[in-house]
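Working notes for the structure below.
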């Protein structure tokens, strides 16, 4: 009788938050369910914000439109402790979840090392070495030998590092020097508007859409202020700003809302998905400005590492006009399926160009939809299957 192949997947907030990394992880679990049999799958997370309900897996299915079976285990840990000793104990507790495990997938931004037979790190953006990025070790020369030893354990324990973009992969190489044979790129699965077709383009409205979390790093305020200052350049057009807004984001949200008051700018926080989809369907142009004042060579974590909302907009036929930094370069091919810009003046110029030329706008919209198919759920499943097969992460005899 074939024994169960034990797989554990770690991400701390998957039962507490809805986000891109959480969706990426949950979809990996769905792939495992679809492609393999006789697996003992467990999701390792933290016990906070209500996690630990009997229907945790059902909630994941609802959040991400999946069909995960209730047999998937949930392994909930207490929150990470405070202080050096508390963190050490918490890290040991986490590391122990990989004991006697066949495949362990770490899906979080950290430098943890594990002890499964095979270990994989899902890298949404790489963490720096401890002497550079850790408050415990940074600026403490006497601790450098220990930091180097721990970093060596992190680097050596993983059979494979799977990055969410070429941009993230390049910084993994920069920070850690991981060999090419231990690196792979797996673009995120992005929700697509399956109803869109070129015939529907005439239903588009004079809307410029910006979708993001209300976070200062996203530069929503700067985009709104630019639109307001140059409103006469975009006559008969509206800017709509939508995105998630938690209690922690309210101060920034209020600043964005104040800047928009009395102008052709609509602020739409925390929209239900059907209403957000309707905005995507109606928008003709999509703006994205994260990293506006950031030097990506010195602070790459502060630019977009991929660009999920950009792809969502493209799939609905909105022409992307995005900053020429980070992962956005992989998503938008300048002049082919959208435009990239370096300064706000360039943003205004290409936006004006699109407004003045409906034929160009339509052509780029069609190309944008075509490019968005690169990041579909089907493309994700195909790519991850190729990665699992190439690197033999699960033995062949467990495939369905």
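Residues 361, 37, 130, arranged from fewest to most other Cβ atoms within 10 angstrom of their Cβ, appear as 37, 361, 130. Sorted ascending by nearby beta carbons within 10 Å, beginning with the fewest, 123, 265, 190 become 265, 190, 123. Of the residues 199, 324, 345, the one that moves most in a GNM of the chain with alpha-carbon contacts below 10 Å is 199. Each peptide in 383-393, 22-32 receives the mean, over its residues, of other Cβ atoms within 10 Å, and ordering these scores from highest gives 22-32, 383-393.
Against the longest principal axis of the chain, how steep is helix 20-35, in degrees 0 to 90 to the nearest 10, with axes from Cα atoms? Once rounded, the angle reads 60 degrees. In percent, rounded to a whole number, the relative contact order of segment 163-284 is 28, using alpha-carbon pairs under 8 Å and six or more apart. Comparing mean-square fluctuations of 141, 12, 126 from a GNM of the chain with C-alpha springs under 10 Å, the top value falls on 141. Considering helices alone, the calculated mean residue ellipticity of the chain at 222 nm is -11500 deg cm²/dmol, with DSSP H runs of length four and up weighted by -39500 (n - 2.57) and normalised per residue.
How would you classify segment 46-185 from its alpha-carbon gyration tensor, with a ≥ b ≥ c the square roots of the eigenvalues: rounded for a/c under 1.5, else prolate if a/b is greater than b/c, otherwise oblate? Taking the square roots of the gyration eigenvalues as a ≥ b ≥ c, segment 46-185 is oblate. Each Cα pair under 8 Å and six or more residues apart adds its sequence gap; the mean of these over the residue count of the chain is a relative contact order of 13 percent. For segment 326-376 versus segment 117-157, the spacing of their alpha-carbon centroids is 39 Å. By the beta-carbon count within 10 Å of each Cβ, the least crowded to most crowded order of 285, 301, fewest first, is 301, 285. An oblate overall shape is assigned to segment 180-221, the ratio a/c of its alpha-carbon gyration tensor axes (a ≥ b ≥ c) being 1.5 or greater and a/b not exceeding b/c. How far is helix 344-356 tilted off the main Cα axis of the chain, in degrees rounded to 10, range 0 to 90? Roughly 60 degrees, rounded to the nearest 10. For the pair segment 260-317 and segment 1-74, the centres of their Cα atoms are 28 angstrom apart. Computed over the chain with a Gaussian network model linking Cα atoms closer than 10 Å, the most mobile of 139, 291, 243 is 139.
Once the Cα atoms of helix 377-391 and of the chain are each reduced to a long axis, what angle between those two axes, in degrees from 0 to 90 to the nearest 10, is obtained? The helix 377-391 is inclined about 30 degrees to the chain.
Inter-label distance, residue 360 to residue 128: 4.1 nm, where each label sits 7 Å from its Cα along the C-beta direction. Across segment 43-192, the relative contact order, built from alpha-carbon pairs under 8 Å that are at least six residues apart, equals 16 percent. Shape class of segment 198-375 from the Cα gyration tensor (axes a ≥ b ≥ c, square roots of the eigenvalues): rounded, since a/c falls below 1.5.
A short reminder: the numbers here are calculations on the coordinates, not readings from a lab. Quick caveat: nothing in here was measured; it's all calculated off a predicted structure. Because the Cβ atoms are built from the backbone with ideal geometry, glycine has one as well, and the counts that use them run over all protein chains shown.
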